[in-house]
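I have placed the structure first, in the form of structure tokens, so that the comments after it can refer back to it.
The values are calculated or read from the model by the stated rules, or taken from the named source; none is laboratory data. Since the structure is predicted, the reported quantities are computational estimates derived from the model, not experimental observations. Positions of Cβ are backbone-derived with ideal geometry, glycine not excepted, and every protein chain shown enters the neighbour counts.
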């Protein structure tokens, strides 16, 4: 294992453990921390607005390959007139990247094709999940939750969803595009349900802000995990010495 690989692996492990620990700590805070008597009039709007903004930014990043590639260890090469092993190097990502992945068979499980266009499975899952969460946030802001729905149930469904995502990301090596799509969508929808559960169960603004910080950590963890998997794919490639993407 190279020094670079160790650094990427440790970073991914760090975010995974912090994410799981933070999620478990959140459960303790929700059910054992005192519910304050004071509720700030702007509190609900503030928390929902922050989450809404995070979802919007996530959707923008998911549909913008140029922003996604900034988080990956995939390097852009300057245009050259010569060819290496019959493959011309190009400075234009659009000619060699689709779905922010290289046009390489090693990445075929990371993408899927729809109407002759290639999309990143993970980013597509994040986009769909964020879109549903945005719509759900708007509906919740204006109408709230029906009296027949228990906030505890919503919270634990969200908690279980996010925990399943974090554990599979840490312990399993998912290598199927639909599964990547599904788990990334589950991460966003699970976070949305946790948010609703927190607002319904505990009015402590510090706990709610702590959850917003956790969402940010989960995003960083997802980026670190993606970088690790991309590095492993490229590092195990038999033509990596002549690959134009390295």
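Inclusion of residue 127 among residues that are touching a strand residue (DSSP E or B) at 6+ places or on another chain (Cβ under 7 Å) and crowded, with 19+ Cβ neighbours inside 10 Å is not warranted. Residues in the range 26-44 that are at pLDDT 85 or above and in contact with a helix residue (DSSP H, G or I) (Cβ under 8 Å, 6 or more places away or on another chain): 26, 27, 29, 30, 31, 33, 43, 44. Of all residues in the range 171-184, those that are under 20 Å from residue 12 (Cα atoms) have Cβ atoms under 9 Å from Cβ atoms of residues that are assigned to a loop (DSSP other than H, G, I, E, B) and modelled with pLDDT under 90, 6 or more apart or on another chain, in 180/174; 183/174.
Checked against (1) within 24 Å of residue 183 (Cβ to Cβ); (2) surrounded by fewer than 13 Cβ atoms within 10 Å (Cβ to Cβ); (3) at pLDDT below 75, residue 94 passes all but a single condition, namely (1).
Hey, can you tell me all the residues within the range 22-60 that are touching a residue at least 12 places away in the same chain (Cβ under 8 Å), within 20 Å of the chain's Cα centre (by Cα) and more than 14 Å from residue 134 (Cβ to Cβ)? The answer is 22, 23, 26, 47. Exactly one residue out of 192, 155, 181 is touching a strand residue (DSSP E or B) at 6+ places or on another chain (Cβ under 9 Å) and buried (at least 20 other Cβ atoms within 10 Å of the Cβ): that is 181.
Quick check on the range 143-152. Is at least one of its residues farther than 23 Å from residue 41 by Cβ, assigned to a helix (DSSP H, G or I) and modelled with pLDDT under 95? Yes, that holds for at least one residue.
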